[in-house]
1. Please report, in debye to the nearest 20, how large the charge dipole of the chain is about its Cα centre when each Lys and Arg carries +1 at its beta carbon and each Asp and Glu carries -1 there.
2. Can you pull out the trypsin sites (Lys or Arg not before Pro) in the chain that DSSP calls coil and that have at most 16 other Cβ atoms within 10 Å?
3. What is the pair-distance distribution P(r) of the chain, computed from all Cα-Cα distances in 10 Å bins starting at 0, with each bin given as a whole percent?
4. How long is the gain from Glu45 to Lys25 if the chain were fully straight, where each residue apart is worth 0.36 nm and the alpha carbon distance is subtracted?
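Readers should treat all values here as calculations from the given coordinates under stated rules, not as data from a laboratory. None of these values were measured; they are calculated from a predicted model. Glycine gets a Cβ as well: all are built from the backbone with ideal geometry, and neighbour counts include every protein chain shown.
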Amino acid sequence: MLLRVQTTDDKVLYVNENQIAYVEKLDTSVLDEESNWQVHLTDAETSFTVAHCELKRQEQVV
C-alpha cells in the first residue's frame, strides 16, 4: 500500500509503507506532538521531515 505523506516544506509524497526503515524524533526537548520527525527510508539515502500529525494520519492510497 502507498501512504500519502505531506512534508514540513509542503511536498506531498506517496511512499510504500514497506520502504520506511525508521522514524526519528528531531527535538527531544519537547513533547512528541510539538516535534518534527525525520522519516528514513530503507534505501539509506532518502529521508524527509514530517510533523507529528502526519505520523498519526493513516491515509492509504492504492
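1. 200 debye
2. Lys11, Arg57
3. Each 10 Å bin holds this share of Cα pairs: 23, 56, 20, 1.
4. Extra length available between Glu45 and Lys25 comes to 5.4 nm.
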